[in-house]
1. Look through region 253-268, keep the residues that are of a type in the set (Gly, Ala, Ser) and within 24 Å of Leu292 (Cβ to Cβ), and return whichever of them is nearest to the ligand (Cβ to nearest atom).
2. I'd like to verify a number: residues in region 9-26 that are over 18 Å from Leu331 (Cβ atoms) and either among the aromatic types (Phe, Trp, Tyr) or within 16 Å of the ligand (Cβ to nearest atom) (or both), how many?
3. If we scan region 128-141, do we find a residue that is assigned to a helix (DSSP H, G or I), within 28 Å of Gly401 (Cβ to Cβ) and out of contact with any Lys or Arg (no Cβ under 8 Å at 6 or more places or on another chain)?
4. Have a look at Ala503, Ala462 and point out the one that is farther than 30 Å from Val46 by Cβ and either modelled with pLDDT of 75 or more or surrounded by 11 or more Cβ atoms within 10 Å (Cβ to Cβ) (or both).
5. Any residue in region 17-30 that's more than 18 Å from Val154 (Cβ to Cβ): show its pairings with residues that are within 6 Å of the ligand (Cβ to nearest atom) and open to solvent by less than 10 Å² (accessible area, probe 1.4 Å) at Cβ separation under 7 Å, as long as the two are six or more apart or on different chains.
6. Kindly provide the set of residues from region 27-40 that are more than 16 Å from the ligand (Cβ to nearest atom) and open to solvent by less than 10 Å² (accessible area, probe 1.4 Å), ordered by number.
7. Can you find, within region 240-252, the residue that is farthest from the ligand (Cβ to nearest atom) among those that are part of a helix (DSSP H, G or I) and under 14 Å from Glu62 (Cβ atoms)?
8. How about region 315-340: which of its residues are of a type in the set (Phe, Trp, Tyr), over 16 Å from the mean Cα position of the chain (by Cα) and at pLDDT 95 or above?
Amino acid sequence: MEKAKSTFGSKLGFILAAAGSAIGLGNIWRFPYLVGRYGGGAFVLVYLLSVLLLGSVVMVAEMYIGRRAKSNIVESYGKANKWLKWLGLLGVIVPFVISTYYAVIGGWASGYAVEYIINPVLIKNPEGFFGSFISSPIAIVFFILFLFATLLIVCGGIQKGIEKASKFMMPALFLLLLVVIVYVMCLPGKGEGHTVVDGLKFYMGQFDFAKLGWDGVLAAMGQSFYSLSLGMGVMVSYGSYTGKDTNLGKSALTVCALDTLVALLAGFAIFPGMFATGASLETIKNAAGPGLLFDAMAKVFSNMGSGAGNIVGFMFFTFVIFAALTSLISLVEVVSQYTLEKYNWSRTKATCVFGGIIGLIGLFVCIGMGWREYSIFGFSLLDYFDMVTNQILMPIIAFAGCLTVGYVIKPKNVYKELAEMGSSFKGQKLWMALTMSVTPVLLMVVWVMGLVDNFKPEAFGASYGWVVGGAAVLMVIAFVWNLLLENTKFQTWKQNKKLASEAAVEEYTEEESNN
Ligand code: TRP
């Protein structure tokens with residue numbers, strides 16, 4: 001039976017799957033923008049530091065938590081201490097929430113890739129295309145197809161589904177990105193101030209600590225954290241599928257390096273591309289989020305003209321599809337693993353039931369984005385989900401993960417277990433020292449500063465309270481869920497009560513028949 005025993009077939013497979021989770025939309029539509037905005041090289045430097053001090057440390061901690069329990073995230077935290085199970089539950093809820101909007105955006109990217117092949121309008125007249133695209137039924141069709149592809153891969157299991165898909169998609173992703181970059185580098189440009197070189201200068205040509213500031217440092221830490229898929233079960237879940245001899249330290253560093261590489265490379269396609277096709281500085285400076293991919297980049301491809309533009313556009317969006325798909329797979333896997341292990345469901349059943357629910361909620365997100373400006377407390381559903389999870393819940397989970405390793409399991413046991421697993425790694429003392437001190441402190445700083453920043457009236461003002469509220473509600477759900485479904489005391493109490501009432505009924509019927 002595929003269950004507790006399933007593992008990745010090879011170390012490379014594990015690394016590619018974990019890198020697949022990490023490399024996602026964040027690398028493409030946030031990282032390059034942050035570099036451009038916060039002083040170029042200065043930001044990159046701080047980002048690299050925070051990948052090392054924060055990202056890689058949390059990643060090893062999460063992989064280790066899963067690796068030792070060889071089980072889903074709830075059981076993994078439960079093995080450390082049964083009161084930590086609710087954290088694990090939060091780690092099931094968060095990916096679930098994120099997957100709803102991730103699938104919608106993945107659907108848009110798939111739609112665009114196909115449109116570049118079959119629809120001449122996109123290349124001729126990109127202005128306003130996005131708005132009409134997301135409010136057409138086609139967007140929903142592609143959303144469903146994208147989700148379906150994800151579910152199919154997850155149903156395939158760890159080796160035959162996730163590992164196989166990652167082994168194909170990750171190299172393909174690199175190749176596509178490189179080809180797009182090479183093509184962009186060869187663009188002739190549009191005269192003074194609109195050349196590839198200007199783009200490179202804007203992106204990496206500065207090293208400006210004044211522009212970085214404290215804000216930039218916080219942004220770097222937050223980004224490293226999001227980009228590496230930390231604070232939500234994924235690395236715990238993937239870690240639980242590793243074989244005996246997997247070196248967690250080395251694997252985590254490799255995943256961090258690959259993720260950072262793609263983030264850096266994405267900027268080399270985006271900025272030179274926008275400069276050389278004559279985008280306005282205004283557009284370039286705001287090149288982040290869905291607007292970057294589906295508006296600004298679409299204009300870049302249009303400027304290349306039909307033919308070349310169609311091909312490069314198709315390749316670029318296929319790259320985005322692979323990035324999003326491998327991430328969504330990991331999100332769905334967290335939820336599936338929990339249900340299939342907990343309720344003894346088959347992998348297919350667990351995946352399809354949750355896939356169905358994700359589909360339903362995603363449908364609202366999808367319709368909400370395009371058809372009706374649905375908003376929730378002044379945010380679009382997509383932004384709302386994004387903020388509740390990224391800014392509030394993920395740092396809490398990662399923070400608790402560090403403390404779990406350092407103070408609940410304790411260093412002595414960690415080293416012993418690592419040795420028993422054949423997974424001891426160089427620098428594990430340094431890792432442990434960071435896990436117990438610097439990293440959790442940094443996490444709390446990012447968290448608190450994020451809260452303080454967003455409470456400023458000029459930022460989100462009153463509506464931001466709803467974000468905090470939403471996060472609080474999810475935490476309460478996890479807590480109550482833990483109490484009712486996971487807590488053995490409650491389960492025994494319920495069982496006793498049931499037995500007692502059955503006994504009472506029996507007694508009663510006996511009395512009746514005696515009469
Ligand atoms: N790392 C992904 C990105 O860069 C986003 C993300 C955050 C994610 N947490 C995740 C993806 C968990 C999958 C699972 O876009």
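1. Here is the first cut: in region 253-268, the residues of a type in the set (Gly, Ala, Ser) are 257, 263, 266-267.
If we keep only those that are within 24 Å of Leu292 (Cβ to Cβ) too, we end up with 263, 266-267.
On the way: Ala263: 8, Ala266: 10, Gly267: 14 Å.
Among those residues, the one meeting the criterion is Ala263.
2. 1
3. Pass one, region 128-141, residues assigned to a helix (DSSP H, G or I): 129-134, 137-141.
With within 28 Å of Gly401 (Cβ to Cβ) added as a condition, the list becomes none.
So far as region 128-141 goes, no, none of its residues is assigned to a helix (DSSP H, G or I), within 28 Å of Gly401 (Cβ to Cβ) and out of contact with any Lys or Arg (no Cβ under 8 Å at 6 or more places or on another chain).
4. Numbers: Ala462 fails: either modelled with pLDDT of 75 or more or surrounded by 11 or more Cβ atoms within 10 Å (Cβ to Cβ) (or both).
Answer to the selection: Ala503.
5. Short answer, once both residue conditions are applied: Gly26/Ser227; Asn27/Ser227.
6. Initially, region 27-40 is screened for residues more than 16 Å from the ligand (Cβ to nearest atom), giving 36-40.
Scanning region 27-40 gives Gly36, Gly39, Gly40.
7. Quick first cut of region 240-252, residues part of a helix (DSSP H, G or I) only: 248-252.
Adding the requirement that they be under 14 Å from Glu62 (Cβ atoms) leaves 248-249, 251-252.
Details: Leu248: 18, Gly249: 20, Ser251: 16, Ala252: 14 Å.
Applying the filter and picking the extreme gives Gly249.
8. Step one: filter region 315-340 for residues of a type in the set (Phe, Trp, Tyr), giving 316-317, 319, 322, 338.
Checking which are over 16 Å from the mean Cα position of the chain (by Cα) leaves us with 316-317, 319, 338.
Once the filter is applied, which keeps residues that are of a type in the set (Phe, Trp, Tyr), over 16 Å from the mean Cα position of the chain (by Cα) and at pLDDT 95 or above, region 315-340 yields Phe316, Phe317, Phe319.
The values are calculated or read from the model by the stated rules, or taken from the named source; none is laboratory data. Note that the structure is predicted; figures quoted are calculated from it, not measured. Note: ideal-geometry Cβ built from the backbone for every residue, glycine included; neighbour counts use all protein chains shown. Surface accessibility is based on the protein's heavy atoms, side chains included, excluding ligands, DNA and RNA. Shrake-Rupley method; radii C 1.70, N 1.55, O 1.52, S 1.80 Å.
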